[in-house]
Amino acid sequence: MTRRVCDCMAMASIWLMALLVASGSAWAQMGQPAPGQMGFQGAATPVMEEITSFHDMVNIIIIAITVFVLGLLGWVIIRYNARANPTPSKFTHHTTLEVVWTVVPILILVFIGIFSFKLLFLQYTYPKPDLTVKATGNAWFWEHSYPDQGDFTVTSNMVRDEDLLKEELGEEEFEKKYGALEGTEFLRAVYNDAKPLYAKTGLVRQLSVDNEIAVPVNAVVHMLVTSNDVIHSWTIPSFGSKIQAVPGRITSTWFKATREGIFYGQCSVVCGKDHSSMPIAIRVVKKDVFDRWVEAAKSRDWKKAKSILLAAAPSTAQQKVARAGEGAKR
Ligand SMILES: [Cu+2]
């Protein structure tokens, strides 16, 4: 009886482990969250790849320990209940067992520590930069400056439901339709009506911005991060980058994006009423595309800058992303 219970538990735990490990990659998406996602977003930098495998390893250890302890509890309940074991033994010490349950957890922690420190050293040992970008948090939008490329600054505002509707209907029609609505009534109406427009344009709600920033693929980027007002946090999940933006201080992180594409992030420390409305959108492109984008951005020709980035990623959905973003100037 006990044997069969143990076998069942072992089988269940193996399935559970396989499911959890698989779920990390199966439901994750590169550059943005996916519905029903369980694990991290797909890794686009070496640091994020290391974070993901470290997480998966620790996850397996945690599940194994939990299943082991659960198994012990089950064994005690079945084998040593009052009916199965009417006369309990009276011993209180078992030296070998006590040494084992002290030493084994220490060894597990040391084992995790080795990989943990390896990851920390990777994150905090800055390779020589190919590019430096300075991010400044504002209530509630991000500015990114490129000091080595002529010190131009890109201001990114989130594309809102009303921006999409204004683009679709025109200012006048928009006013006629929604002008009389207020507060949550207005928000609900524009939310419902803008929903199909996101699918149509390929924009990502709460993540797309009017002006994206760009970095070259396979370039080491040093990020300098600060804030103009309150504490924000500069975060791109697929890059494994997350660093506080503190007013009056410069914090820093680095990343090397090894895949081209669009990568979204958000401010990740509650900073005020529109905290949820300050996403970051980075397009990772080839070096020559990046150079052309820099030239356009330097001359503050944002329309051209946008079209250069889109031409580099010519999917219909993404083309539409930028076109809709044009209407997002606030
Ligand atoms: Cu925030």
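Would you mind finding the one in 177, 195, 242, 166 that is within 20 Å of residue 142 (Cβ to Cβ) and outside any loop (DSSP other than H, G, I, E, B)?
On the way: 177 fails: within 20 Å of residue 142 (Cβ to Cβ); 195 fails: within 20 Å of residue 142 (Cβ to Cβ); 166 fails: within 20 Å of residue 142 (Cβ to Cβ).
Testing whether each residue is within 20 Å of residue 142 (Cβ to Cβ) and outside any loop (DSSP other than H, G, I, E, B) leaves just 242.
Looking at the range 79-119 only, could you name the residues that are touching a Phe, Trp or Tyr at 6+ places or on another chain (Cβ under 8 Å) and in contact (Cβ under 8 Å) with a residue 24 or more places away in the chain?
115, 116, 119 - these are the residues of the range 79-119 that are touching a Phe, Trp or Tyr at 6+ places or on another chain (Cβ under 8 Å) and in contact (Cβ under 8 Å) with a residue 24 or more places away in the chain.
Quick grid of which residues meet (1) among the hydrophobic types (A, V, I, L, M, F, W, C); (2) at pLDDT 95 or above:
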residue: 69; (1), (2): yes, yes
residue: 88; (1), (2): no, no
residue: 94; (1), (2): no, no
residue: 116; (1), (2): no, yes
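Which ones in the range 170-209 are surrounded by 13 or more Cβ atoms within 10 Å (Cβ to Cβ) and more than 30 Å from residue 31 (Cα to Cα)?
Selection gives 174, 177, 178, 181, 186.
State whether one or more residues within the range 290-298 are at pLDDT below 90 and among the acidic types (Asp, Glu).
So far as the range 290-298 goes, no, none of its residues is at pLDDT below 90 and among the acidic types (Asp, Glu).
Any chance you could count how many residues in the range 189-231 are out of contact with any Leu (no Cβ under 8 Å at 6 or more places or on another chain) and without any contact (Cβ under 8 Å) to a residue 24 or more places away in the chain?
Counting residues in the range 189-231 that are out of contact with any Leu (no Cβ under 8 Å at 6 or more places or on another chain) and without any contact (Cβ under 8 Å) to a residue 24 or more places away in the chain gives 4.
For residue 218, all conditions in the list (1) outside any loop (DSSP other than H, G, I, E, B); (2) closer than 25 Å to residue 126 by Cβ; (3) more than 16 Å from the ligand (Cβ to nearest atom) hold save one; what is the number of the exception?
(1)
Taking the residues in the range 247-296 that are in a loop (DSSP other than H, G, I, E, B) and under 17 Å from residue 222 (Cβ atoms) as candidates, determine which candidate is farthest from the ligand (Cβ to nearest atom).
Top of the filtered list is 258.
Which of (1) part of a helix (DSSP H, G or I); (2) within 16 Å of the ligand (Cβ to nearest atom); (3) crowded, with 22+ Cβ neighbours inside 10 Å does residue 225 not meet, given it meets every other one?
All conditions are met except number (1).
Rundown of residues vs (1) in contact with a helix residue (DSSP H, G or I) (Cβ under 8 Å, 6 or more places away or on another chain); (2) more than 19 Å from residue 265 (Cα to Cα), yes/no style:
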{"site": "149", "(1), (2)": "yes, yes"}
{"site": "154", "(1), (2)": "yes, no"}
{"site": "157", "(1), (2)": "yes, no"}
{"site": "161", "(1), (2)": "yes, no"}
{"site": "171", "(1), (2)": "no, yes"}
{"site": "182", "(1), (2)": "no, yes"}
{"site": "189", "(1), (2)": "yes, yes"}
{"site": "195", "(1), (2)": "no, yes"}
{"site": "209", "(1), (2)": "yes, no"}
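Search the range 133-163 for residues being outside any strand (DSSP E or B) and hydrophobic (A, V, I, L, M, F, W, C), and hand back the single one that is farthest from residue 226 (Cα to Cα). Walk me through it before giving the result.
Within the range 133-163, the subset outside any strand (DSSP E or B) is 139-140, 147-151, 157, 159-163.
Then keep just the ones that are hydrophobic (A, V, I, L, M, F, W, C); that gives 139-140, 159.
Values: 139: 12, 140: 14, 159: 23 Å.
Only one residue tops the list, namely 159.
I need every pair where a residue in the range 271-286 that is under 23 Å from residue 30 (Cβ atoms) and in contact (Cβ under 8 Å) with a residue 12 or more places away in the chain has its Cβ under 8 Å from the Cβ of a residue that is hydroxyl-bearing (Ser, Thr, Tyr) and within 11 Å of the ligand (Cβ to nearest atom), sequence separation at least 6 or different chains.
So the pair list comes out as 280/235.
Among the residues of the range 141-151, is there at least one that is among the aromatic types (Phe, Trp, Tyr), surrounded by fewer than 20 Cβ atoms within 10 Å (Cβ to Cβ) and away from the ligand (no atom under 16 Å from the Cβ)?
Checked the range 141-151: no residue is among the aromatic types (Phe, Trp, Tyr), surrounded by fewer than 20 Cβ atoms within 10 Å (Cβ to Cβ) and away from the ligand (no atom under 16 Å from the Cβ).
Can you tell me which residues in the range 231-246 are within 16 Å of residue 126 (Cβ to Cβ) and away from the ligand (no atom under 16 Å from the Cβ)?
Result: 239, 240.
Could you check, for the range 113-124, whether at least one of its residues is of a type in the set (D, E, K, R), under 30 Å from residue 64 (Cα atoms) and part of a helix (DSSP H, G or I)? Give the derivation first.
Going residue by residue through the range 113-124, those that are of a type in the set (D, E, K, R) are 118.
With the extra rule that they be under 30 Å from residue 64 (Cα atoms), the set shrinks to 118.
Filter once more, so that each one left must be part of a helix (DSSP H, G or I): 118.
Within the range 113-124, one or more residues are of a type in the set (D, E, K, R), under 30 Å from residue 64 (Cα atoms) and part of a helix (DSSP H, G or I).
The values are calculated or read from the model by the stated rules, or taken from the named source; none is laboratory data. The structure displayed is predicted, hence computed values, not measured ones. Positions of Cβ are backbone-derived with ideal geometry, glycine not excepted, and every protein chain shown enters the neighbour counts.
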